[in-house]
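Report on the structure given below.
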Amino acid sequence: MNNGISALRTVVVLSIGCGGRAAVQESPSNEEQAWETPVAPEIDFGTIETLDIVTWNIEEFPKNGHETMDDVGQILLGLDADIYALQEISSVSAFAQMVDQMPGWEGYVDSEWYAGLAYLYRTDTIEVGRNYEIYTTEEFWAAFPRSPQVMEFRFRGHDFVVINNHFKCCGNGLLDQEDSWDEETRRMDATNLLKAFIDANFSDSRVIVLGDLNDSLTDPAPNNVFASLLNDPDNYRFADMGIAEGVVTEWSFPSYPSHLDHIVMTNEIFDGFEPGEADAVSLMLDDVFFDDWWDYQAHVSDHRPVGVRIPIPE
């Protein structure tokens, strides 16, 4: 790889806020011993037979410094996924140090502007082709305050594309399409632009769109920012719709509560699968790794990760 953590061990890009230019600073060396096995208990997620992908907003990582870095690193090893798409990486240096303690893993967190988006992936199962950003120019800043990160990769002989996102937050739940800076309109525009990008560039490819998309899948049609994807079920499916329509206690953002972290798949992935085979799940870290939700939120994040296991045809 020409970019990413491997290129950031001596130089890192540090954030100065959304939309602001980045400053460059030397990364402190990491002399801590790598984790050989997870200390925390494992959660039943990753399998040998499937491509296992997780999206996780880890809230201004690392919110409690080295304690958070240790917790998150152990959790990632315990989940045993193939790819993690992360949001809210506030310290690239801390992220690089955490990856250094995870033998067999590589990270990517490069961005023209501050994005806070990162990938972490297993080198024994994932062969990365390209990493790049889209919609980076000023005309797209309303829709994308953080430019989407695209990773093209191969898993067990099959090519995939994953697009990591962190949409604009907040709003009143009502779409005002006459106001281009309305929060809901910005999320709708982002959704439509991502669909247009995929339709134009990857119409026959296996594509996964994921991230903290900051809106509900179950809003009524007049105010649903994801309408363009929901109205094209032959080509797009929200793998986490079952979570959105399910019990509140399993939503990804319990503090509100709401379900904001989504995974979309194109039909090249779900065609031919039995119903439910590729459905996403909320990973209940607060129940497995911590005493309760409040303990988890205080130490790691205000979001739960959401993961999907994708069966791979022979």
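Observations on the structure shown:
- Test: T249 is closer than 25 Å to L175 by Cβ, surrounded by fewer than 17 Cβ atoms within 10 Å (Cβ to Cβ) and β-branched (V, I, T): no
- Residue under evaluation I243, criteria (1) surrounded by fewer than 16 Cβ atoms within 10 Å (Cβ to Cβ); (2) closer than 23 Å to L86 by Cα, criterion not met: (1)
- Residue check, T185 β-branched (V, I, T) and either touching a Leu at 6+ places or on another chain (Cβ under 8 Å) or crowded, with 22+ Cβ neighbours inside 10 Å (or both): yes
- Any hit, the range 78-93, residues being more than 14 Å from W56 (Cβ to Cβ), part of a strand (DSSP E or B) and either out of contact with any helix residue (DSSP H, G or I) (no Cβ under 8 Å at 6 or more places or on another chain) or not charged (D, E, K, R) (or both): no
- Among the residues here, G107 does not qualify as surrounded by fewer than 21 Cβ atoms within 10 Å (Cβ to Cβ), part of a strand (DSSP E or B) and at negative phi.
- Residue check, M102 in contact with a Leu (Cβ under 9 Å, 6 or more places away or on another chain) and either crowded, with 22+ Cβ neighbours inside 10 Å or not basic (K, R) (or both): yes
- Close pairs from the range 98-122: first β-branched (V, I, T), partner at pLDDT 95 or above and surrounded by fewer than 19 Cβ atoms within 10 Å (Cβ to Cβ), Cβ under 9 Å, at least 6 apart: V99/E106
- Of the residues screened, E139 is not one that is at pLDDT below 95 and more than 18 Å from R206 (Cα to Cα).
- Single condition Y114 does not satisfy, out of (1) surrounded by fewer than 20 Cβ atoms within 10 Å (Cβ to Cβ); (2) over 26 Å from R206 (Cα atoms); (3) aromatic (F, W, Y): (1)
- Those residues of the range 158-181 which are modelled with pLDDT of 95 or more and either out of contact with any helix residue (DSSP H, G or I) (no Cβ under 6 Å at 6 or more places or on another chain) or among the charged types (D, E, K, R) (or both), in sequence order: H158, D159, F160, V161, V162, I163, N164, N165, H166, K168, C169
- The residue that is farthest from I83 (Cα to Cα), counting only those in the range 188-224 that are among the aliphatic types (A, V, I, L, M) and surrounded by fewer than 18 Cβ atoms within 10 Å (Cβ to Cβ), is A221.
- Residues satisfying the stated conditions in the range 248-266, i.e. at pLDDT below 95 and in contact with a Phe, Trp or Tyr (Cβ under 9 Å, 6 or more places away or on another chain): P254, S255, P257
- Verdict on R146 being in contact with a Ser or Thr (Cβ under 9 Å, 6 or more places away or on another chain), crowded, with 16+ Cβ neighbours inside 10 Å and either in a strand (DSSP E or B) or touching a residue at least 60 places away in the same chain (Cβ under 8 Å) (or both): yes
- Cross-chain or 6+ apart pairs with Cβ under 8 Å, the range 229-257 first and under 19 Å from R187 (Cα atoms), then in a loop (DSSP other than H, G, I, E, B) and of a type in the set (K, R): S252/R304; F253/R304
- Residue list for the range 126-142, restricted to those being of a type in the set (V, I, T), in contact (Cβ under 8 Å) with a residue 60 or more places away in the chain and not in a strand (DSSP E or B): I134
- Members of the range 149-170 that are touching a residue at least 40 places away in the same chain (Cβ under 8 Å), more than 14 Å from E133 (Cα to Cα) and either among the small types (G, A, S) or touching a strand residue (DSSP E or B) at 6+ places or on another chain (Cβ under 9 Å) (or both): F153, F155, R156, H158, D159, F160, F167, C169
- Test for I83: is it farther than 23 Å from S252 by Cβ and of a type in the set (A, V, I, L, M): no
The values are calculated or read from the model by the stated rules, or taken from the named source; none is laboratory data. Note that the structure is predicted; figures quoted are calculated from it, not measured. We place every Cβ from the backbone using ideal geometry, glycine too, and count neighbours over all the protein chains shown.
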